[in-house]
Amino acid sequence: MKHLYTFISFLILFAVLLSGCENQSPETESETVQWALALHGGAGTISQDLPDSIKQEYYEGLEQALRTGELVLRDGGSALDAVEQVVRSLEDNPLFNAGRGSVFTKEGRHELDAAIMDGSTLGAGALTGLTTVKNPISLARKVMTDSPHIFFSGNGAETYADQTDVERVDNDYFHTDRRYEQWERAQEEARAITPEESIHDWIKDTKFGTVGAVAYDSNGNLAAATSTGGMTNKQFGRVGDVPIIGSGTFANHIAAISATGWGEQIMRNVSANTIANYMEFKGASLDEAMDFVLNERLDPGDAGFIAVDNQGNISMKMNTAGMFRASLNSNGDRTVMIWENE
Ligand code: ASP
């Protein structure tokens, strides 16, 4: 009898140990995301016939930016540092329409916009119409941390830059032959528009190419950053969605979002903020909120978004033919893509 009791106690102990192990299975553990990062290099009509060598250059640019952010987040760095560093990397890459490689304005110059937002404090910094700041995103961060204001424009933005140590360049630094040719073509197309044709139809066919990043860090903080040269052939003083907090760039305690696409449409739908609010007010998932804005608010061909929520879930969606994008999280889930299905 004594042996039977001992045997039963042993069985119970074994069962308890086994159930304890199940609760800590590797699957459960690996579902918890410590950090997550997503970035984009613009959305729009990106032809699948791109020569392989050019596709490769884009993939490499996206990979390089992803690695930059990975190094920050893997070492316990902040979401804010990660998005700033990722966007700097894309600004320095002439392939993308931000920093070097920015598009030309109607007057044949470059006017740059950028914004950054810290989800944990709602701190934000934004600039429009910059002409001599090499990395607008770093100046946006200074606006956020060092100035009593959120948004500087044109000459005021340049004057603010004078008071900082950010690197300055001639406006020509932003020139690339590719964007110059694109501008020449855009001017011809603009001249060819007949009065019956809608200006909106023409704008929707113009190629886009903004850059952005969103991150969730190991302290549970979220941040978003976006930088752009705007739209090819844009008119005097045109401001796009990117530096408008809540339109092209937004982060709070729920989600961090960065947009790309037709700025006027993104702005009139206050798109990035709507994604976060839809989640908060409707209890929707990040994917559902993205679908709502892309399908119920915007029109096909308008835009793309990258976003991350406060659980480290990433969503990258667009209603354009393509979006240069990449993502990575602490579990090693990694994507680098241009079109819908690759
Ligand atoms: N959204 C940007 C703008 O309208 C353009 C882009 O995303 O490429 O300025």
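The values are calculated or read from the model by the stated rules, or taken from the named source; none is laboratory data. Remember, predicted model here, so these are calculated numbers, not experimental data. A quick note on method: Cβ atoms are made from the backbone with ideal geometry, for glycine too, and the neighbour counts reach across all protein chains shown. These accessible areas exclude ligands, DNA and RNA; they are computed on the full protein's heavy atoms, side chains included. Shrake-Rupley method; radii C 1.70, N 1.55, O 1.52, S 1.80 Å.
Descriptive notes on the structure:
- The simple Förster model, with R0 at 35 Å and r as the Cβ-Cβ distance, assigns Trp339 and Thr121 a FRET efficiency of 0.45.
- The modelled label-to-label distance between Glu31 and Asp165, using points 7 Å beyond Cα along the C-beta direction, is 4.8 nm.
- Within a straight-line Cα-Cα reach of under 18 Å, Lys282 can be paired with the following aspartates and glutamates, leaving aside sequence neighbours fewer than 8 residues apart in one chain: Asp291, Glu296, Asp309.
- Solvent-accessible heavy-atom area per residue, rounded to whole Å², over the range 206-293 at 1.4 Å: 30 Å²
- Based on protein heavy atoms only, the range 52-149 ends up with 35 Å² per residue of surface accessible to a 1.4 Å probe.
- Rounded if a/c under 1.5, otherwise prolate or oblate - the range 84-129, Cα gyration tensor axes: oblate
- Counted over the chain, the DSSP beta bridges are approximately 90% antiparallel.
- Packing-based ranking of 159-168, 96-105 yields 96-105, 159-168, ordered from highest to lowest mean Cβ neighbour count within 10 Å.
- Compared with the direct C-alpha span, the chain from Glu107 to Asp287 gains 60.8 nm at full extension, assuming 0.36 nm per residue.
- With 23 Å as the limit on Cα-Cα distance, the pairs of Lys55/Lys134; Lys106/Lys142; Lys106/Lys134; Lys134/Lys317 that go past it are Lys55/Lys134; Lys106/Lys142; Lys134/Lys317.
- Computed over the chain, the ratio Rg/Rh where both radii use C-alpha atoms and Rh is Kirkwood: 1.11
- Taking a ≥ b ≥ c as the square roots of the eigenvalues of the Cα gyration tensor, the range 40-176 is classed as oblate, since a/c reaches at least 1.5 and a/b does not exceed b/c.
- Environment charge of Thr145, counting only residues whose C-beta is closer than 14 Å and scoring Lys/Arg +1, Asp/Glu -1: -3
- Histogram of C-alpha separations across the range 98-155, 5 Å bin width, %: 4, 21, 28, 21, 12, 8, 4, 1
- The chain, accessible surface, carbon-and-sulfur percent (1.4 angstrom probe): 50 percent
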